[in-house]
Amino acid sequence: MKAPIATVFLLVKSGRYNLPIYTNKLYHNMPCNHKFLKHLNLEHLDFEPETLIVGTFTPEWPAEGQGDWFYGRTHDAECNRTNLLWDVLPRIYGEQGLIDAGPTDWKSFCQNNKIALTAIISSIDDADPSDAGHARILAGAADKAIAYHFDDFIFVDIVKILQDHPTIKNVYLTRGITEAFWRHIWNPVVRYCHLHNLHERRLLTPSGSDVYQHSAHNSDHPENQIPLLEDYILWNWKQSWHF
């Protein structure tokens, strides 16, 4: 599959950190594209978005368990919830959770609320489909493991998306940026949003890995505990949402 012709980021080694730089180099036949590659630049939207939600990466391989849309890996093989975005996001808008729905309902919800979805990573070029270790890392979809084990990335140009879609006024990244890898990628977005008075926030990941924060909240607030993780994420996101 060929990558769209677009300005992309390359990751290069520079001192202690991996820093993104602009390039006009074109890549073809990439080892592991984002599963929804053709949608990352919002070229197929039929509405003008007002809110942009940015994830990290959904690999096109291995195919098992990756879901049929952004944040679509909602349950594991034992039916345990693994990504809670489609439970939490609709409830912010006063609607019922859609975690047991599918892409048709998710896309309709986004269109009705003028929400666009994209991701930070467009492809991982040094991922080898014949390497069982690479397949295992990508199947786990753990951001830290991806950042640690791979070096050759192409990144989505989020700033260009904002320039091309001036109707977007709210930008949310569904992870933190405490690690240098993610911070250096996201900082240009932070600067652009600040300069153009856009609402930019980083949210707790909806992947279900916020168990520690959830437990700490309940320990620190015994009089105001939140029993369910999805309700804790909902409460936390509401503190950062634009309404």
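Worth a mention:
- In the stretch 189-243, the residues that are without any contact (Cβ under 8 Å) to a residue 12 or more places away in the chain, surrounded by 12 or more Cβ atoms within 10 Å (Cβ to Cβ) and of a type in the set (D, E, K, R): Arg191, Asp231
- Members of the stretch 99-114 found to be part of a loop (DSSP other than H, G, I, E, B) and either crowded, with 19+ Cβ neighbours inside 10 Å or small (Gly, Ala, Ser) (or both), listed by number: Ile99, Ala101, Gly102
- Members of the stretch 79-98 found to be free of Cβ contacts under 8 Å to residues at least 60 places away in the same chain and either part of a loop (DSSP other than H, G, I, E, B) or in contact with a strand residue (DSSP E or B) (Cβ under 7 Å, 6 or more places away or on another chain) (or both), listed by number: Cys79, Asn80, Tyr93, Gly94, Glu95, Gln96, Leu98
- The listed residue being under 14 Å from the mean Cα position of the chain (by Cα) and touching a residue at least 60 places away in the same chain (Cβ under 8 Å), out of Asp157, Asp151, Asp164: Asp157
- The requirement of being crowded, with 21+ Cβ neighbours inside 10 Å, at pLDDT 95 or above and part of a helix (DSSP H, G or I) is satisfied by Ile185.
- Test result for Asn197, in a loop (DSSP other than H, G, I, E, B), of a type outside the set (Lys, Arg) and over 19 Å from the mean Cα position of the chain (by Cα): yes
- Restricting attention to the stretch 40-86, the residues that are more than 13 Å from the chain's Cα centre (by Cα) and of a type in the set (S, T, N, Q) add up to 6.
- Filter pass, Ser209 being within 26 Å of Asp87 (Cα to Cα), at pLDDT 95 or above and not in a strand (DSSP E or B): no
The values are calculated or read from the model by the stated rules, or taken from the named source; none is laboratory data. None of the values given here were measured: they were computed from a predicted structure. Neighbour counts are summed over all protein chains in view; Cβ atoms, including those assigned to glycine, are modelled from backbone coordinates with ideal geometry.
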